[in-house]
1. If a residue must be modelled with pLDDT of 95 or more and either away from ligand 3 (no atom under 12 Å from the Cβ) or over 22 Å from Phe188 (Cβ atoms) (or both), how many such residues does segment 144-156 contain?
2. Inside segment 147-164, can you point out the residues that are under 15 Å from Met315 (Cβ atoms) and either within 16 Å of ligand 1 (Cβ to nearest atom) or touching a residue at least 60 places away in the same chain (Cβ under 8 Å) (or both)?
3. Somewhere in segment 75-86, is a residue under 17 Å from Gly176 (Cα atoms) and out of contact with any His (no Cβ under 7 Å at 6 or more places or on another chain)?
4. Pull up segment 116-159, narrow it to residues that are open to solvent by less than 30 Å² (accessible area, probe 1.4 Å) and away from ligand 2 (no atom under 16 Å from the Cβ), then point me to the one that is farthest from Val51 (Cα to Cα).
5. Any chance segment 285-294 includes a residue that's more than 23 Å from Ile102 (Cα to Cα) and out of contact with any strand residue (DSSP E or B) (no Cβ under 6 Å at 6 or more places or on another chain)?
6. From Thr198, Thr184, Thr189, Thr231, which residue is touching a His at 6+ places or on another chain (Cβ under 9 Å) and either open to solvent by 10 Å² or more (accessible area, probe 1.4 Å) or at pLDDT 95 or above (or both)?
7. Of the residues that sit in segment 272-331 and are in a helix (DSSP H, G or I) and open to solvent by 30 Å² or more (accessible area, probe 1.4 Å), which one is farthest from Gln74 (Cα to Cα)?
8. Among the residues of segment 113-163, what is the count of those that are of a type in the set (A, V, I, L, M, F, W, C) and under 17 Å from His323 (Cα atoms)?
Amino acid sequence: MSNPKTNRLTPNSKPTPQTLGEFLIDNQSDFPFASGELTRLLNSIRLAAKVVNHNVNQAGLVDITGAAQNINVQGEEQMKLDVFADVTFINTLTNREIVCGIASEENEDFIAVAGSDGGHKQHYVVLIDPLDGSSNIDINAPVGTIFSIYRRTSPQGTPVKLEDFLQPGNMQVAAGYVLYGTSTIMVFTTGNGVNGFTLNPALGTYYRSHPDMRFPEKGNIYSVNEGKYATFPQGVKDYIKYCQKEEDDRPYTSRYIGALAADFHRSLIKGGIFLYPETSTAPTGKLRLLYECNPIAMIAEQAGGKASNGTQRIMEVKPTELHQRVPFFCGNAEMVDDVERCIAEASNT
Ligand code: AHG
Ligand code: MN
Ligand code: MN
């Protein structure tokens, strides 16, 4: 900013936003268990996300678009960036010896991390969707990373077990997502509210651009793949009709990117609901409880919103398998209440 009298640059009166590194150090004592281990883990996630961000931004320039010629454990075609992001997060977390286990949407089994001394000494397991919305890569549209962190339940010093990963979402100690959009933002919670940190790509530093994120009081955007409408259960069809009705504050408007991290981020900032119900062709839904729904649900609740499978709070669903899928309705509390009401009414008729 220049001073018209002196034509000199005057100091900007706005305080410089806190960096993610500063935030982690300043708030370490508020983190669950406060041993420094979770801080180091979040630090590693932000580092791996920078590497993935660099690659995402080169899509079209280097050979990373398109399919990797593999089918993943979900029976879905893997994109080259799916594989790159998966390897980047797993390597970053295992090399730093800060987790005792990792489960990824891209791999059939979880990985037990022994540490260089073979001691299995760490406390945390990470569950990750390394690249969310991968069909967007080839069209320069946003993609994300979604992560969920739990304290192990099996004894420290032994290899992690499946049970360490199959914990309900209300046991998460931290959760977050990185959205590689027009800018790159890391949004996370450790159970004390939600904060968003935007990456300055020139400096490689994340700044706290979105402090204490909360859903707006009211939402009016519904986000669903309406092309599948005919396959939706009656209650969800009724809710969509309700959204479209000319009444009071409605009709609502509709937006859909096809990447949960991006669609949820819009709902959080502007107010709205994201819906991915069970369908006649996918009777348990499409989204994965452990890698996608639980972490987004924790952020939603911490920001004053709600997340449901239509009848039950997502974070109370007891997982039975790593790659379990669930119907998912998440966003402004009032909107989630409305869809639950429509589902209940349809099941009573
Ligand atoms: P992923 O790329 O990790 O498999 O996730 C894609 C998911 C989710 O992000 C998105 O909301 C949904 O699939 C989109 O599915 P449709 O194409 O069926 O709408
Ligand atoms: Mn995903
Ligand atoms: Mn994915």
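1. Matching residues across segment 144-156 total 8.
2. Correct list: Ser148, Ile149.
3. The answer is yes; a qualifying residue exists.
4. Result: Ser154.
5. Within segment 285-294, not a single residue is more than 23 Å from Ile102 (Cα to Cα) and out of contact with any strand residue (DSSP E or B) (no Cβ under 6 Å at 6 or more places or on another chain).
6. Thr198
7. Residue satisfying both the conditions and the ranking: Gln302.
8. So the count comes out to 9.
The values are calculated or read from the model by the stated rules, or taken from the named source; none is laboratory data. Here the structure is a predicted model, which is why all the values come from computation and not from measurement. Using ideal geometry, Cβ is built from the backbone for each residue, glycine included, and neighbour counts are taken over all protein chains shown. When the accessible area is computed, the model is the full protein with side chains, heavy atoms only, and any ligands, DNA or RNA have been set aside. Shrake-Rupley method; radii C 1.70, N 1.55, O 1.52, S 1.80 Å.
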